[in-house]
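The values are calculated or read from the model by the stated rules, or taken from the named source; none is laboratory data. What you are looking at is a predicted structure, and each value in this text was computed from that prediction instead of being measured. Glycine also receives a Cβ, built like all others from the backbone with ideal geometry; neighbour counts cover every protein chain displayed. All accessible areas refer to the heavy atoms of the entire protein, side chains included, with ligands and DNA or RNA removed. Shrake-Rupley method; radii C 1.70, N 1.55, O 1.52, S 1.80 Å.
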Amino acid sequence: MALATASCGFHLRGNYMLPDDIAKLSLTSFDQYGQLHRQVKSQFQLHGIEPVAPSSRVPNLHLISESTGERTLSLYQNARAAEYELTYTVRYRIVVPEKGSQTYTTRVNRTFLDNPLTALAKSVERDMIEQEMREQAAKQIMRQLARLTAIFNQMEEQELEALLEQNTDNDERVSTELGLDVKADSAAADPAARQDNQAESAQ
């Protein structure tokens, strides 16, 4: 198994198989001092990715935005919300030089019980849940990085197929035009054929 993964350009780093293309990776974000940025950077260290300065020659992971939403799951008897579902959303872009870029959205959901009798503990619990959601989102980003090679290979195959189809269409048009030219030349060289062509034109 180790030989097979090595021959495919993968190396085992941390818990995921990451392609060699991202052995060195630059990280930029909407908030370089935010908790999400720190979580992703710690995942770099865990998976053996060397963080480097942004450059046009190295792959880049850019954290575009993060947001937290909630919806009510259940109510108390007084119609006050009792349980929420929290949704943490992250948008990010991966750019690999000479291969392309892809933008992704990852979401993490958690339930949260809103107890009005423990307001302080409730606030602390929610902060802990949101921190766990950031950690989970950072891990999902790493899983997406592990699929980069397959994604870009598929993109290259699709581009190659489109190019081959375009070339095939061009060859068919050229062949048809050449066929018409040869027929016209033959008619010009053969008086009988020229008369037939004139008769066909008259009809």
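Say whether the condition of being touching a residue at least 12 places away in the same chain (Cβ under 8 Å) and outside any loop (DSSP other than H, G, I, E, B) is met by at least one residue in the stretch 114-123. No, that holds for no residue. List the pairs whose first member sits in the stretch 68-85 and is more than 30 Å from LEU36 (Cα to Cα), whose second member is among the small types (Gly, Ala, Ser), and whose Cβ atoms are under 8 Å apart, counting only residues at least 6 apart or on separate chains? Partner pairs satisfying both residue conditions: LEU75/ALA81; LEU75/ALA82; TYR76/ALA82.
Annotation: of all residues in the stretch 62-81 being open to solvent by less than 60 Å² (accessible area, probe 1.4 Å), at pLDDT 95 or above and of a type outside the set (S, T, N, Q), the one that is farthest from LEU18 (Cα to Cα) is ILE64.
For the stretch 31-45, the candidate set comprises residues that are under 14 Å from GLU66 (Cα atoms) and part of a helix (DSSP H, G or I); within that set, the residue that is most open to solvent (accessible area, probe 1.4 Å) is ARG38.
Here THR111 does not qualify as of a type outside the set (Asp, Glu), touching a residue at least 12 places away in the same chain (Cβ under 8 Å) and open to solvent by less than 70 Å² (accessible area, probe 1.4 Å). Of note, MET128 does not satisfy the criterion of being surrounded by 12 or more Cβ atoms within 10 Å (Cβ to Cβ) and of a type in the set (A, V, I, L, M).
Being among the β-branched types (Val, Ile, Thr) and surrounded by fewer than 14 Cβ atoms within 10 Å (Cβ to Cβ) is a condition met by no residue of the stretch 82-101.
Among the residues making up the stretch 99-155, those that are within 23 Å of GLN43 (Cα to Cα) and at pLDDT below 80 are LEU148, THR149, ALA150, ILE151, PHE152.
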